[in-house]
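The values are calculated or read from the model by the stated rules, or taken from the named source; none is laboratory data. Please read all numbers here as calculations on a predicted model, not as lab measurements. With ideal geometry, Cβ positions are generated from the backbone for all residues, glycine too; neighbour counts draw on all protein chains shown.
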Amino acid sequence: MASMRPHLRRLSAVTLVLGLGGCSLVHPPKPLDATATPAAPANTAPDLTPTGEQLQDLLLTAGDLPGYGPMPAGPAGSGGITDLGSGAQQCGGAAAASAAPVASAAPAEAVQVMLAKGMTGPFVAEAIVAPGDLAARTMVADLAAAPVACPNFSGEAAGTGVTVSMSQLTVGKYGDASAGVQLTATPAGLPMSIHGYVISFAHRGIAVTVIVMGLTEIDKAEAEAVVRSAANRVQRAS
């Protein structure tokens with residue numbers, strides 16, 4: 001076990017960066033049919049518009065997830081998780097835009113948190129933004145489109161090259177719209193891979209992205225339990 005500790009430290013660092021910042025794409029996303037990700041019906045309830053501390057209060061805490069503890073935000077900076085983004089949501093969004101271009105909205109304020117059970121995980125990363133109903137639903141649709149548009153992407157995380165593969169994931173109904181992907185990340189030169197899920201949902205103009213990763217296979221039921229806790233926390237505020 002002692003001989004594996006350097007590998008575990010590097011893998012943990014890679015997991016942090018992946019969760020907080022994503023990767024760049026290997027190939028341009030495949031164009032999607034304009035009808036591939038139809039827009040969900042508009043939310044009839046008024047949008048929630050939390051900012052600052054109100055947004056922070058919506059984030060998961062260690063008290064919501066027994067056995068988890070807080071981790072530092074990591075090197076990606078504020079708002080990085082929302083871009084998982086960089087790999088998944090942006091990939092699906094780029095492909096969808098090529099099929100049906102839309103005007104870009106101004107970036108919304110984002111908050112994020114990362115929690116962990118230990119050195120090998122599971123690790124939970126969550127990001128919340130409140131961009132309005134259409135933009136929140138679009139983030140969910142972008143994630144749903146990502147495995148079709150670019151099932152493989154790569155980049156660098158914590159100084160290590162990483163190749164990521166994604167597949168579509170059926171998830172429960174959270175908020176007004178929800179979607180998810182399953183991913184496996186393989187860092188170059190390391191004997192283990194990172195496994196996990198990315199699940200996003202929209203609720204009254206708020207978009208929540210939850211990432212559950214680990215250095216071993218993650219139970220989907222555990223990942224969905226984390227997302228249910230996130231959804232309950234957001235919905236209680238409304």
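Residues in the range 45-62 that are part of a loop (DSSP other than H, G, I, E, B), farther than 17 Å from GLY132 by Cα and not hydroxyl-bearing (Ser, Thr, Tyr): 3 in all.
Residue-wise test of (1) among the aliphatic types (A, V, I, L, M); (2) at pLDDT 75 or above; (3) closer than 25 Å to LYS173 by Cα.
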{"residue": "ILE81", "(1), (2), (3)": "yes, no, yes"}
{"residue": "GLN89", "(1), (2), (3)": "no, no, yes"}
{"residue": "VAL102", "(1), (2), (3)": "yes, no, no"}
{"residue": "GLN112", "(1), (2), (3)": "no, yes, yes"}
{"residue": "LYS117", "(1), (2), (3)": "no, yes, no"}
{"residue": "GLU126", "(1), (2), (3)": "no, yes, yes"}
{"residue": "ALA135", "(1), (2), (3)": "yes, yes, yes"}
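Candidates PHE201, PHE153: the one that is under 21 Å from ASP47 (Cβ atoms) and part of a strand (DSSP E or B) is PHE201. One residue stands out in the range 168-189 among those that are more than 16 Å from GLU217 (Cα to Cα) and of a type in the set (Gly, Ala, Ser): the one that is nearest to the chain's Cα centre (by Cα), namely GLY180. Yes or no: the range 110-118 includes at least one residue that is outside any loop (DSSP other than H, G, I, E, B), among the small types (Gly, Ala, Ser) and touching a Gly at 6+ places or on another chain (Cβ under 6 Å). Checking the range 110-118: at least one residue is outside any loop (DSSP other than H, G, I, E, B), among the small types (Gly, Ala, Ser) and touching a Gly at 6+ places or on another chain (Cβ under 6 Å). The residue list ALA179, ALA207 contains one member that is assigned to a strand (DSSP E or B), touching a residue at least 60 places away in the same chain (Cβ under 8 Å), of a type outside the set (Lys, Arg) and farther than 15 Å from LEU65 by Cβ, which is ALA207.
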